[in-house]
Amino acid sequence: MNILNAVIAGVAASLVFSIVLAMAPRMGMPKMDIVNLLGSMFSAKSNQALGWTMHLMMGIVFALIYALLWSSGISGATWVGGLIFGAVQWLVVGMVMGMMPMMHVGIKSGVVKAPGLWMTNNGGLMAFMGGWVGHMIFGIVIALVYSAF
């Protein structure tokens, strides 16, 4: 496992994922502002720097997990491996979204709307599909960038 490659891949994939999220409303998808959601986790007022930091750090952590799994022989750092890992990641992360109100200051204070399971409170099936496709793109970018170095 190459830790530096995984970190670079995690940052690159997080930035690509952020671009996909920014484009989502222009493609008929609901707005999925993960940076604002993360930035308001500890305060009713959103802190964009904190949101971006958390978003990028989570991307790095997931890239490290992907790399660890790939290096232990589970799938491979190919676009198919990234696609599968990204899809599975969305299924897990989407469930965590449903638990966010228990630990999120912005949601508890009523400033931020609770996303619900797989962000379905933020656009129903379209939000689910947008998150799913976004995470699959995230996984593919991790695999391609990780294997490129």
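Could you compute the FRET efficiency for LYS108 and ALA148, with r as their C-beta to C-beta distance and R0 at 35 Å, rounded to 0.05? The pair LYS108/ALA148 has a calculated efficiency of 0.25.
Compared with the dominant Cα axis of the chain, that is its longest principal axis, helix 124-148 is turned about 30°. Other residues lying with their Cβ under 14 Å from the Cβ of MET126 contribute a combined charge of +2, Lys and Arg counting +1, Asp and Glu -1. Each Lys or Arg adds one and each Asp or Glu takes one away; over the other residues whose Cβ falls under 10 Å from the Cβ of GLY39, this sums to 0.
Taking 0.36 nm per residue of separation and subtracting the current Cα-Cα distance, fully stretching the chain between VAL61 and MET129 would add 22.2 nm. The label-point distance for ILE19 and SER75, in a model that sets each label 7 Å from Cα toward Cβ, rounds to 2.2 nm. In percent, rounded to a whole number, the relative contact order of the chain is 35, using alpha-carbon pairs under 8 Å and six or more apart.
Working note: Cα gyration tensor of the chain, eigenvalues times five, square-rooted, sorted largest first, giving semi-axes of 27, 16, 13 Å.
Here, each number is a calculation from the coordinates, and none is a lab measurement. All values reported here derive from a predicted model rather than from experimental measurement. Cβ: placed from backbone, ideal geometry, glycine included. Neighbour counts: every protein chain shown.
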